[in-house]
Amino acid sequence: MALQIRQVLLALYCITIFSLFSRYNFLKDQNPPSSYNYFDHQVLDAAGYDPQAYPSYFSTIEDDKFKDSIRPRAEVISLQRLGITSTSAKAVNVDDFGATGDGTDDTEAFEKAWEEACSSKGAVVVEVPEGKSYLLKPIRFSGPCKSNLTIQIYGTIEASDDRADYKEDRRHWLIFDSVDNLLIEGGGTVNGNGKIWWQNSCKINKHLPCKDAPTALTFYNSKNLKVRNLNIRDAQRIHVSFEQCTNVQASRLTVTAPKKSPNTDGIHVTHTQNIQITNSVIGTGDDCISIVSGSKNVHAMDITCGPGHGISIGSLGSGNSKAYVSGVTVDGAKLSGTTNGMRIKTWQGGSGSASNIIFQNIEMYNVSNPIIIDQNYCDQDKPCNKQSSAVQVKNVVYKNIKGTSASEVAIKFDCSSSHPCQGILLQNVNLQEQRDKTTKAICNYVKLSEGKAVSPQCP
C-alpha cells in the first residue's frame, strides 16, 4: 500500500514538472504584450534623455492619484456609452433641473444640477445637451465634491452680455473652485459673448477708464484636471485660465476671438505646476498662451497660433514684484501672422527668474518679432522709470526654428544691463524676411551661444 502511494505521488510530481516546463517554453517564444513598458532607464539613457532634467514627466505618471483619476474613469465612461459596464455612473442632465436652452436665464438650473452632482458619491456625468444654447450669469462651481465628475458639453453655454450681472465679481464668468479629478469634454461651445466688454475697454476707447473684465473659464486650486475637445470663443477677456492648479491636461481645444479683441489671451497659466497643453488651435487678440509667475513644468506641444501675440512667458515682475517661472517647453508649434513669436517679457524693477526654457520645432509665417526677450517691457501710457533690479532670464534654448519674419529684426535680445540674459542657446534657426529680404538680430547684454545654421546671427 505504501509503495502504491509513493508511485502515485511520483507520477503527480512528474506531471507538474512537465507542465511548468511546457508553460515556460510557450512564454519564452511569445512576444511581450503591447502594454509592456519598453522605456526603461537604459533605453532613455541611450536616447540622451535625462529624467532628472524634467522629473515632472515621471512624477506625474507615477502619481497614483493622478493616474487613477484619469484612466479608470475614462474607461468606465466609454464603456457606459456602449452599455457594457455594470458600474453605472449617475447622469445629471441640466434640463432635468429646469434648464431650457432657449435664450432665457438658465443659471439657477445649472446651480441646482451642480449641487446634485457634487454632493453625490461615485461617478457622476453632468450633461449639457446638444442643439441648445444655455444663457448663464456668473457661476462659481465650488468643491470639494464627493464624486469624480465628468461634464459633457454637447451644446452651447453662452454668457450674459448684461454687465450689471457681474457687479459682484467682474473678473470671472464660469469658475471651478477646488474641484479635483474633473474631466470636461464633449465637443460643444463655451461662448463668452465678449463684444460688449471689448467696446468698453480702455484699449479700444482711450477715453474710458481701465476696468476688469471676466475670464470666461477659470480653474482654481484644483488637481488632476482634464479639459479636452471644446470650443471656447469670444471671451470677455482671458478665455481659459489655470490658477494654482496641479496635474493638468488640456488638449484638442479650439480657442477663437477677433484679432482686435483686447486682452483675450487664449490659455493663461499662473501658479500652476505639471500642465500639458497639446494639439490645440488658438487665435485671439492677445497671447495664444501666456505663462506667468509661479508656473513650473509647463509643456505645450502641437500648437497652432494666430492671430494673436504669440506664445509668451510673462509679463513678469510688474510693480517691483518677485516672479519665478521654470521648466517650460514649447515643442511643435505653427505661428501665422502674430505680432510676436516666442516671447519672454519682464518689467524693470522686478526680481526672481525665468529659467530652463526650451522652444523647439517651430514654424513661423509672417510673424513679427519671431524670437524676443524683452527685459525692458513697459505696457503703460507713461514711460517706465529705469531701474537696476530685474527678473533674471537664464538657460533658454531655441532649436529647429524656421520661417519668415514680418519685421526686419527677427531676433531681439533686449536684456538688462545689470542682470544680463545668461545661457541663451540658438541652434538650427533660420528666419528670413518676407520676399527673401535679409533679417537682422539685435543682442544687448546677453551671454549667447550660437550653434551651426543660425540666421540671422548676433553682431
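The values are calculated or read from the model by the stated rules, or taken from the named source; none is laboratory data. Remember, predicted model here, so these are calculated numbers, not experimental data. Positions of Cβ are generated from backbone atoms using ideal geometry, with glycine treated the same way; all protein chains shown enter the neighbour counts.
Screening Lys121 on (1) touching a residue at least 24 places away in the same chain (Cβ under 8 Å); (2) in contact with a Gly (Cβ under 9 Å, 6 or more places away or on another chain); (3) surrounded by fewer than 20 Cβ atoms within 10 Å (Cβ to Cβ) shows it passes everything except condition (2). Pairs linking a residue in region 411-423 that is among the small types (Gly, Ala, Ser) to a residue that is not in a strand (DSSP E or B), with Cβ atoms under 6 Å and 6 or more positions apart or on different chains, are Ser417/Tyr445; Ser418/Ser388.
For every residue, the table says whether it meets (1) surrounded by 19 or more Cβ atoms within 10 Å (Cβ to Cβ); (2) closer than 22 Å to Trp198 by Cβ; (3) at pLDDT 95 or above; (4) not aliphatic (A, V, I, L, M).
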{"site": "Asp106", "(1), (2), (3), (4)": "yes, no, yes, yes"}
{"site": "Leu135", "(1), (2), (3), (4)": "yes, yes, yes, no"}
{"site": "Arg170", "(1), (2), (3), (4)": "no, yes, yes, yes"}
{"site": "Leu174", "(1), (2), (3), (4)": "yes, yes, yes, no"}
{"site": "Asn181", "(1), (2), (3), (4)": "yes, no, yes, yes"}
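Based on this model, can you work out whether Lys394 counts as touching a strand residue (DSSP E or B) at 6+ places or on another chain (Cβ under 7 Å), within 16 Å of Gly317 (Cα to Cα), of a type in the set (Lys, Arg) and part of a strand (DSSP E or B)? Break it down stepwise before answering.
Working: touching a strand residue (DSSP E or B) at 6+ places or on another chain (Cβ under 7 Å): yes; within 16 Å of Gly317 (Cα to Cα): yes; of a type in the set (Lys, Arg): yes; part of a strand (DSSP E or B): yes.
In short, yes.
Anything in region 311-329 that is at positive phi and surrounded by fewer than 17 Cβ atoms within 10 Å (Cβ to Cβ)? List them, or say none.
From region 311-329, those at positive phi are 314, 317, 319-320, 327; that's our starting set.
Those that are at positive phi and surrounded by fewer than 17 Cβ atoms within 10 Å (Cβ to Cβ): Gly319, Asn320.
Residue pairs whose Cβ atoms lie under 6 Å apart, separated by 6 or more positions or on different chains, with the first residue in region 149-169 and on the phi < 0 side of the Ramachandran plot and the second at pLDDT below 95 and surrounded by 15 or more Cβ atoms within 10 Å (Cβ to Cβ), are Thr150/Ile77. Put simply, of Asn366, Asn376 the only residue that is within 19 Å of Ile411 (Cα to Cα), surrounded by fewer than 23 Cβ atoms within 10 Å (Cβ to Cβ) and touching a Gly at 6+ places or on another chain (Cβ under 6 Å) is Asn366. Among the residues of region 418-437, not a single one is buried (at least 19 other Cβ atoms within 10 Å of the Cβ) and either among the polar types (S, T, N, Q) or at positive phi (or both). For region 213-262, a residue qualifies if it is part of a strand (DSSP E or B) and aliphatic (A, V, I, L, M), and the qualifying residues are Ala216, Leu217, Leu225, Val227, Leu230, Ile232, Val240, Val248, Ala250, Leu253, Val255. Would you confirm, using the coordinates I've provided, whether Ser388 is more than 30 Å from Ile204 (Cα to Cα), touching a residue at least 24 places away in the same chain (Cβ under 8 Å) and part of a loop (DSSP other than H, G, I, E, B)? Criteria met by Ser388.
Scan region 313-339 for residues that are under 11 Å from Ala354 (Cβ atoms) and assigned to a strand (DSSP E or B) and jot them down. Selection gives Ile313, Gly314, Ser315, Leu316, Ala323, Tyr324, Val325, Ser326, Gly327, Val328. For region 233-250, the candidate set comprises residues that are out of contact with any helix residue (DSSP H, G or I) (no Cβ under 6 Å at 6 or more places or on another chain) and over 17 Å from Gly283 (Cβ atoms); within that set, the residue that is surrounded by the fewest Cβ atoms within 10 Å (Cβ to Cβ) is Gln244.
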